[in-house]
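Encoded as structure tokens, the structure appears first; notes follow it.
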Amino acid sequence: MEAAGAQFDELFIGAEPATARNTLQSFLQANTDTNYIFTVAGWSAPWAWGVANDMGLSPDVDDEGMTILTVDEGPVSIEGVREGHVLATNSQGFWLQGYAPMEWLYWNKRFGYAPQSDILTGPNIIDSEKADQWADLVRSVFGDQAYEQQNTW
């Protein structure tokens, strides 16, 4: 962010919903020029959106007000994009993050191979154009019931 010249603040809101909402609300009241919230846990995006919405900051995806972004391809992140509450999320390739290390451990043990650099498993930006495709993919991994249980929108 600094390299791009963007001004930002890091705010730890915690994992307890009421405390997180209160912390974020206090920050936004004191920093009225804030126009983006990037949550680093997909499950907290509804909290950020809810606080901004309650404060009248127009957090839905459009050309006005607050913009919410988040991470990961979990149901709450994808559905936030699909419902127009979150501009975008990302996929880090969760299936590759599990499979590739086991593959390399086997190759290392069996043949002495070792990766020569980092192994890129993502990112893939999930926006409104890709969200339906990703919802189908994640549903096929989690199952319909688990997918719906994790969607807190």
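All of the numbers you see were taken from the coordinates with simple rules; none came from a lab. Remember, predicted model here, so these are calculated numbers, not experimental data. All Cβ positions, glycine included, derive from the backbone under ideal geometry; neighbour counts span all protein chains shown.
Brief remarks follow.
- Karplus-derived HN-Hα couplings along the range 33-50 (A = 6.51, B = -1.76, C = 1.60, θ = phi - 60°), whole Hz, x at Gly and Pro: 8, 5, 10, 9, 10, 10, 8, 9, 9, x, 5, 8, 4, x, 5, 4, 4, x
- 3J(HN,Hα) couplings calculated from phi for the range 56-65 with the Karplus curve 6.51 cos²θ - 1.76 cosθ + 1.60 (θ = phi - 60°) are, in sequence order, x, 8, 6, x, 5, 6, 6, 9, 9, x Hz; Gly and Pro show x.
- Summing Cβ point charges (Lys, Arg +1; Asp, Glu -1) relative to the Cα centre of the range 1-97 gives a dipole of roughly 220 debye.
- Translational diffusion of the range 1-90, µm² s⁻¹ [Kirkwood Rh, Cα pairs; Stokes-Einstein; 25 °C; 0.890 mPa s]: 186 µm²/s
- A simple charge model with +1 on the Cβ of Lys and Arg, -1 on the Cβ of Asp and Glu and nothing else charged puts the dipole of the range 53-116 at about 800 debye relative to its Cα centre.
- The value of relative contact order for the chain, using C-alpha pairs under 8 Å at least six residues apart, is 19 percent.
- Close amide H contacts of residue 126 (hydrogens built in the peptide plane, cut-off under 5 Å, sequence separation of 5 or more or a different chain): 89, 90, 91.
- HN-Hα J in Hz across the range 25-31 - Karplus 6.51, -1.76, 1.60, θ = phi - 60°, x for Gly and Pro: 4, 4, 4, 5, 5, 7, 10
- Averaging Cα coordinates gives a centre for the range 1-66 and one for the range 106-129; these two points are 32 Å apart.
- Within the chain, longest stretch free of exposed GluC sites (Glu not before Pro) [DSSP loop, at most 12 other beta carbons within 10 Å]: 65-128
- The calculated 222 nm mean residue ellipticity attributable to helices in the chain amounts to -14000 deg cm²/dmol, summing -39500 (n - 2.57) over DSSP H runs of n ≥ 4 and dividing by all residues.
- Distant alpha-carbon pairs in the chain (separation over 23 angstrom), percent: 46 percent
- Cβ-defined net charge surrounding residue 142, 11 Å radius [Lys, Arg +1; Asp, Glu -1]: -2
- Cβ-based charge dipole, the chain, positive-most Cα from 113, 128, 90: 113
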